[in-house]
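The values are calculated or read from the model by the stated rules, or taken from the named source; none is laboratory data. Computed from a predicted structure; not experimentally measured. Cβ sites come from the backbone with ideal geometry, for glycine too, and all protein chains shown count toward neighbours. We work out accessible area using only protein heavy atoms, side chains counted, and drop any ligands, DNA or RNA first. Shrake-Rupley method; radii C 1.70, N 1.55, O 1.52, S 1.80 Å.
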There are 2 protein chains.
Amino acid sequence: MSDHPIAPVGPFEPPYYAVVFTSLRTERTEGYAEAAARMDELVADVPGFLGSDHAQTPGGLSITVSYFRDEESIKVWRADAEHRVVQKRGREEWYETYVTHVSKVERSYRFERE
Amino acid sequence: MSDHPIAPVGPFEPPYYAVVFTSLRTERTEGYAEAAARMDELVADVPGFLGSDHAQTPGGLSITVSYFRDEESIKVWRADAEHRVVQKRGREEWYETYVTHVSKVERSYRFERE
(Lines give C-alpha, C1' and ligand atoms only; values in the text may rest on other atoms or scores of the structure.)
Protein backbone atom coordinates (compact mmCIF):
# COMPACT_ATOMS: atom_id res chain seq x y z
CA MET A 1 0.00 0.00 0.00
CA SER A 2 1.91 2.90 -1.40
CA ASP A 3 0.71 5.65 0.90
CA HIS A 4 1.90 4.16 4.14
CA PRO A 5 4.88 6.03 5.54
CA ILE A 6 7.83 3.91 6.58
CA ALA A 7 7.85 5.21 10.18
CA PRO A 8 5.15 4.28 12.68
CA VAL A 9 2.48 6.97 13.12
CA GLY A 10 1.30 8.37 16.43
CA PRO A 11 0.92 8.23 19.25
CA PHE A 12 -2.12 10.48 19.48
CA GLU A 13 -3.86 12.02 22.47
CA PRO A 14 -5.93 9.27 24.19
CA PRO A 15 -8.64 8.24 24.03
CA TYR A 16 -8.70 7.35 20.34
CA TYR A 17 -9.55 4.20 18.42
CA ALA A 18 -7.29 1.63 16.79
CA VAL A 19 -8.89 -0.70 14.25
CA VAL A 20 -6.60 -3.71 13.91
CA PHE A 21 -7.10 -5.63 10.66
CA THR A 22 -5.07 -8.84 10.32
CA SER A 23 -5.38 -10.83 7.11
CA LEU A 24 -4.13 -13.61 4.90
CA ARG A 25 -4.56 -13.11 1.18
CA THR A 26 -5.62 -15.53 -1.51
CA GLU A 27 -3.49 -15.92 -4.61
CA ARG A 28 -5.73 -13.57 -6.56
CA THR A 29 -4.11 -10.18 -6.92
CA GLU A 30 -6.09 -8.59 -9.74
CA GLY A 31 -7.37 -5.18 -8.74
CA TYR A 32 -6.03 -5.39 -5.21
CA ALA A 33 -3.25 -2.78 -5.33
CA GLU A 34 -5.49 -0.22 -7.05
CA ALA A 35 -8.29 -0.80 -4.54
CA ALA A 36 -5.89 -0.53 -1.59
CA ALA A 37 -4.44 2.74 -2.90
CA ARG A 38 -7.95 4.10 -3.48
CA MET A 39 -9.02 3.13 0.05
CA ASP A 40 -5.95 4.91 1.49
CA GLU A 41 -7.02 8.00 -0.41
CA LEU A 42 -10.66 7.80 0.68
CA VAL A 43 -10.06 7.10 4.35
CA ALA A 44 -7.76 10.12 4.55
CA ASP A 45 -10.83 12.28 3.89
CA VAL A 46 -12.83 10.85 6.79
CA PRO A 47 -13.07 13.47 9.55
CA GLY A 48 -11.34 12.06 12.61
CA PHE A 49 -9.06 9.69 10.68
CA LEU A 50 -5.63 10.04 12.32
CA GLY A 51 -3.39 7.80 10.22
CA SER A 52 -2.52 4.14 9.72
CA ASP A 53 0.32 1.64 9.97
CA HIS A 54 0.81 -1.29 7.63
CA ALA A 55 3.19 -4.25 7.55
CA GLN A 56 3.19 -7.43 5.51
CA THR A 57 5.36 -10.48 5.83
CA PRO A 58 5.98 -11.71 2.27
CA GLY A 59 3.69 -14.68 1.67
CA GLY A 60 2.37 -14.34 5.20
CA LEU A 61 0.35 -12.20 7.53
CA SER A 62 -0.62 -8.63 6.73
CA ILE A 63 -1.53 -6.16 9.49
CA THR A 64 -3.10 -2.74 9.02
CA VAL A 65 -3.87 -0.59 12.05
CA SER A 66 -6.03 2.47 11.36
CA TYR A 67 -6.39 5.15 14.00
CA PHE A 68 -9.53 7.23 14.45
CA ARG A 69 -10.46 10.02 16.84
CA ASP A 70 -13.79 8.49 17.90
CA GLU A 71 -16.56 5.98 17.22
CA GLU A 72 -18.29 8.45 14.94
CA SER A 73 -15.35 8.61 12.53
CA ILE A 74 -15.22 4.78 12.37
CA LYS A 75 -18.93 4.75 11.63
CA VAL A 76 -18.51 7.21 8.76
CA TRP A 77 -15.75 5.06 7.25
CA ARG A 78 -17.72 1.85 7.69
CA ALA A 79 -20.73 3.37 5.94
CA ASP A 80 -18.77 4.69 2.95
CA ALA A 81 -20.40 3.23 -0.17
CA GLU A 82 -17.18 2.74 -2.16
CA HIS A 83 -15.53 1.15 0.88
CA ARG A 84 -18.41 -1.31 1.22
CA VAL A 85 -18.12 -2.38 -2.42
CA VAL A 86 -14.38 -2.99 -1.97
CA GLN A 87 -14.92 -4.93 1.27
CA LYS A 88 -17.36 -7.22 -0.51
CA ARG A 89 -14.90 -7.78 -3.34
CA GLY A 90 -12.22 -8.49 -0.72
CA ARG A 91 -14.29 -11.31 0.76
CA GLU A 92 -15.04 -12.70 -2.69
CA GLU A 93 -11.55 -12.51 -4.15
CA TRP A 94 -8.63 -11.25 -2.11
CA TYR A 95 -8.91 -12.58 1.44
CA GLU A 96 -8.54 -16.12 2.66
CA THR A 97 -9.31 -14.98 6.18
CA TYR A 98 -9.24 -11.81 8.23
CA VAL A 99 -9.92 -10.63 11.75
CA THR A 100 -10.93 -7.10 12.78
CA HIS A 101 -10.49 -5.85 16.35
CA VAL A 102 -12.06 -2.46 17.10
CA SER A 103 -10.37 -1.05 20.17
CA LYS A 104 -10.14 2.10 22.26
CA VAL A 105 -6.62 3.26 23.02
CA GLU A 106 -6.15 4.13 26.68
CA ARG A 107 -2.47 5.07 26.63
CA SER A 108 0.41 5.21 24.18
CA TYR A 109 4.09 6.12 23.98
CA ARG A 110 6.84 6.64 21.47
CA PHE A 111 10.52 5.83 21.69
CA GLU A 112 12.87 7.63 19.37
CA ARG A 113 16.60 7.04 19.13
CA GLU A 114 18.58 10.19 19.82
CA MET B 1 9.69 -14.47 15.21
CA SER B 2 9.38 -18.17 14.78
CA ASP B 3 6.44 -18.87 17.05
CA HIS B 4 3.91 -16.70 15.26
CA PRO B 5 1.35 -18.76 13.39
CA ILE B 6 0.73 -17.76 9.80
CA ALA B 7 -3.01 -17.21 10.30
CA PRO B 8 -4.39 -14.28 12.30
CA VAL B 9 -5.36 -15.19 15.87
CA GLY B 10 -8.68 -14.41 17.51
CA PRO B 11 -11.09 -12.90 17.75
CA PHE B 12 -11.61 -13.38 21.47
CA GLU B 13 -14.59 -12.61 23.67
CA PRO B 14 -14.65 -8.82 24.32
CA PRO B 15 -13.59 -6.98 26.30
CA TYR B 16 -9.92 -7.86 26.00
CA TYR B 17 -6.78 -5.84 25.40
CA ALA B 18 -4.71 -5.38 22.25
CA VAL B 19 -1.20 -3.99 22.69
CA VAL B 20 -0.12 -2.63 19.31
CA PHE B 21 3.67 -2.32 18.95
CA THR B 22 4.88 -0.69 15.71
CA SER B 23 8.60 -0.39 15.15
CA LEU B 24 11.47 0.37 12.84
CA ARG B 25 14.67 -1.51 13.46
CA THR B 26 18.25 -0.31 13.38
CA GLU B 27 20.82 -2.20 11.33
CA ARG B 28 22.03 -4.06 14.41
CA THR B 29 20.69 -7.58 14.44
CA GLU B 30 22.97 -9.31 16.94
CA GLY B 31 20.96 -11.13 19.58
CA TYR B 32 17.61 -9.91 18.26
CA ALA B 33 16.16 -13.18 16.91
CA GLU B 34 17.11 -15.11 20.05
CA ALA B 35 15.61 -12.43 22.29
CA ALA B 36 12.40 -12.30 20.22
CA ALA B 37 12.00 -16.07 20.37
CA ARG B 38 12.63 -16.05 24.13
CA MET B 39 10.05 -13.27 24.65
CA ASP B 40 7.48 -15.28 22.64
CA GLU B 41 8.15 -18.20 24.98
CA LEU B 42 7.93 -16.09 28.14
CA VAL B 43 4.79 -14.15 27.27
CA ALA B 44 2.98 -17.41 26.52
CA ASP B 45 3.28 -18.22 30.23
CA VAL B 46 1.62 -14.99 31.37
CA PRO B 47 -1.86 -15.80 32.72
CA GLY B 48 -4.36 -14.00 30.51
CA PHE B 49 -2.12 -13.85 27.44
CA LEU B 50 -4.35 -14.78 24.51
CA GLY B 51 -2.00 -14.78 21.52
CA SER B 52 -0.24 -12.41 19.14
CA ASP B 53 0.00 -11.43 15.49
CA HIS B 54 3.19 -10.31 13.78
CA ALA B 55 4.00 -8.92 10.34
CA GLN B 56 7.09 -7.26 8.97
CA THR B 57 7.62 -5.52 5.67
CA PRO B 58 11.19 -6.35 4.60
CA GLY B 59 13.33 -3.30 5.38
CA GLY B 60 10.28 -1.50 6.69
CA LEU B 61 7.72 -1.38 9.41
CA SER B 62 7.19 -4.22 11.85
CA ILE B 63 3.88 -4.63 13.73
CA THR B 64 3.23 -6.96 16.64
CA VAL B 65 -0.20 -7.05 18.23
CA SER B 66 -0.40 -8.95 21.54
CA TYR B 67 -3.77 -9.80 23.02
CA PHE B 68 -4.43 -10.02 26.76
CA ARG B 69 -7.52 -10.84 28.78
CA ASP B 70 -7.25 -7.83 31.08
CA GLU B 71 -5.13 -4.99 32.51
CA GLU B 72 -3.74 -7.31 35.15
CA SER B 73 -2.18 -9.66 32.59
CA ILE B 74 -0.54 -6.70 30.80
CA LYS B 75 0.84 -5.52 34.13
CA VAL B 76 2.37 -8.94 34.86
CA TRP B 77 4.04 -8.97 31.45
CA ARG B 78 5.31 -5.40 31.81
CA ALA B 79 6.84 -6.20 35.20
CA ASP B 80 8.64 -9.36 34.04
CA ALA B 81 12.32 -8.92 34.89
CA GLU B 82 13.70 -10.68 31.82
CA HIS B 83 11.30 -8.72 29.60
CA ARG B 84 12.52 -5.43 31.09
CA VAL B 85 16.15 -6.29 30.40
CA VAL B 86 15.30 -7.10 26.78
CA GLN B 87 13.27 -3.89 26.37
CA LYS B 88 16.23 -1.86 27.57
CA ARG B 89 18.54 -3.65 25.14
CA GLY B 90 15.96 -2.99 22.40
CA ARG B 91 16.16 0.75 23.01
CA GLU B 92 19.94 0.65 23.11
CA GLU B 93 20.52 -1.54 20.07
CA TRP B 94 17.65 -2.82 17.99
CA TYR B 95 15.04 -0.08 17.61
CA GLU B 96 15.30 3.16 15.71
CA THR B 97 11.82 4.10 16.87
CA TYR B 98 8.70 2.43 18.17
CA VAL B 99 5.19 3.31 19.26
CA THR B 100 3.06 1.33 21.71
CA HIS B 101 -0.74 1.72 21.83
CA VAL B 102 -2.48 -0.05 24.72
CA SER B 103 -6.12 -0.51 23.80
CA LYS B 104 -9.28 -2.22 24.96
CA VAL B 105 -11.07 -4.21 22.30
CA GLU B 106 -14.78 -3.49 22.22
CA ARG B 107 -15.80 -5.74 19.33
CA SER B 108 -14.19 -8.08 16.84
CA TYR B 109 -15.08 -10.38 13.93
CA ARG B 110 -13.52 -12.99 11.72
CA PHE B 111 -14.10 -13.73 8.06
CA GLU B 112 -13.17 -17.13 6.76
CA ARG B 113 -13.41 -18.27 3.14
CA GLU B 114 -15.66 -21.29 2.77
Next on the checklist: Testing the spin-label approximation: label points 7 Å from Cα along Cα→Cβ at B:PHE111 and A:GLU106. State their distance in nm.
Outcome noted: 3.0 nm
Checklist outcome for this item: For the pair B and A, the solvent-accessible area buried on both sides (1.4 Å probe; DNA, RNA and ligands excluded), in Å² to the nearest hundred, is 4100 Å²
Checklist entry - What nm distances, shortest first, do you get from the label point of A:GLU82 to those in the other copies when the point sits 7 angstrom along Cα to Cβ? => result 5.0
Item to check | Inter-chain shielding of B:105-111 (mean C-beta neighbours from other protein chains, 10 Å cut-off) | outcome: 6
Checklist entry - Which order do peptides B:70-83, B:6-19 fall in by mean Cβ count within 10 Å, highest first? => result B:6-19, B:70-83
Next on the checklist: Let me see the P(r) profile for the range B:21-103: every Cα-Cα distance counted, bins of 10 Å, each bin given as a percent of all pairs.
Outcome noted: 16, 52, 29, 2
Item to check | Number of partner chain Cβ atoms within 10 Å, mean per residue of A:45-56 | outcome: 3
Checklist entry - Which value, in Å to one decimal place, does the Kirkwood hydrodynamic radius take for the protein assembly as shown when every pair of different Cα atoms is included? => result 18.0 Å
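Helix-only mean residue ellipticity at 222 nm, chain B, DSSP H runs n ≥ 4 weighted -39,500 (n - 2.57), per residue, nearest 500. What is it?
Details: 3 runs with 30 residues, N = 114.
Helix-only estimate at 222 nm: -7500 deg cm²/dmol.
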Item to check | Cβ-defined net charge surrounding B:SER103, 12 Å radius [Lys, Arg +1; Asp, Glu -1] | outcome: 0
